1. Keeping to the range 21-35, report how many residues are closer than 11 Å to Val96 by Cβ and either among the acidic types (Asp, Glu) or in contact with a Gly (Cβ under 6 Å, 6 or more places away or on another chain) (or both).
2. Name the single residue that is farthest from Cys50 (Cα to Cα) among those in the range 64-91 being under 12 Å from the mean Cα position of the chain (by Cα) and free of Cβ contacts under 8 Å to residues at least 60 places away in the same chain.
3. Can you list residue pairs whose Cβ atoms sit under 7 Å apart, with the first residue in the range 92-105 being small (Gly, Ala, Ser) and the second being at pLDDT 75 or above? Count only pairs 6 or more apart in sequence or on different chains.
4. Sort out which residues of the range 48-63 are surrounded by fewer than 19 Cβ atoms within 10 Å (Cβ to Cβ) and within 13 Å of the chain's Cα centre (by Cα), and write them in order of number.
5. Restricting to the range 64-82, and then to whatever is polar (S, T, N, Q) and surrounded by 14 or more Cβ atoms within 10 Å (Cβ to Cβ), can you tell me which residue is farthest from Val9 (Cα to Cα)?
6. Among the residues of the range 1-37, count how many are touching a residue at least 40 places away in the same chain (Cβ under 8 Å) and either touching a Cys at 6+ places or on another chain (Cβ under 6 Å) or β-branched (Val, Ile, Thr) (or both).
Amino acid sequence: MTEHKTFKVTFLPLGRTVEVREGHSVLDGALNNDIDLDHACGGVCACSTCHVIVKEGFASLAPADEKEEDMLDNAPFLTRTSRLACQAEVHADLVVEIPPMNRNLVSEGKH
């Protein structure tokens, strides 16, 4: 049996830490652990609703490609360490913040 390496991803302001398989996206980690992170396009890099701010571990992420950077241009609260959760593959422990504009779904739950 092959053992899969996992890393810890902490979601702020929720303060929830989850285990995410190496190579899976931050969005996968959120959805697989019942953390509601908006993803209007279904996680295919066609919107900016899964925007997160990487607080720790940013250097472990592969650089954003041009398509992701174009989508991030539409994200509110953009920072130098902003990434789309659907595109950020986990290869180390991370701490990410869900920006204020994306917290509405998290705080109110699914409708």
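The values are calculated or read from the model by the stated rules, or taken from the named source; none is laboratory data. Keep in mind it's a predicted model, so treat the numbers as computed, not measured. Backbone-built Cβ (ideal geometry, glycine too); neighbour counts: all protein chains shown.
1. 1
2. Thr81
3. Cβ pairs passing all conditions: Ala92/Phe7; Ala92/Gly57; Ala92/Ser60.
4. Lys55, Glu56, Phe58, Leu61
5. Thr79
6. Here the count works out to 8.
Residue by residue, here is whether (1) over 23 Å from Phe7 (Cβ atoms); (2) at pLDDT 95 or above; (3) not aliphatic (A, V, I, L, M) holds:
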residue	(1), (2), (3)
Gly42	yes, no, yes
Val52	no, yes, no
Glu56	no, yes, yes
Leu61	no, yes, no
Glu66	yes, yes, yes
Asp70	yes, yes, yes
Asn74	yes, no, yes
Ser82	no, yes, yes
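Conditions tested, residue by residue: (1) part of a helix (DSSP H, G or I); (2) among the acidic types (Asp, Glu).
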position	(1), (2)
Asp34	no, yes
Cys47	no, no
Ala64	no, no
Lys67	yes, no
Met71	yes, no
Met101	yes, no
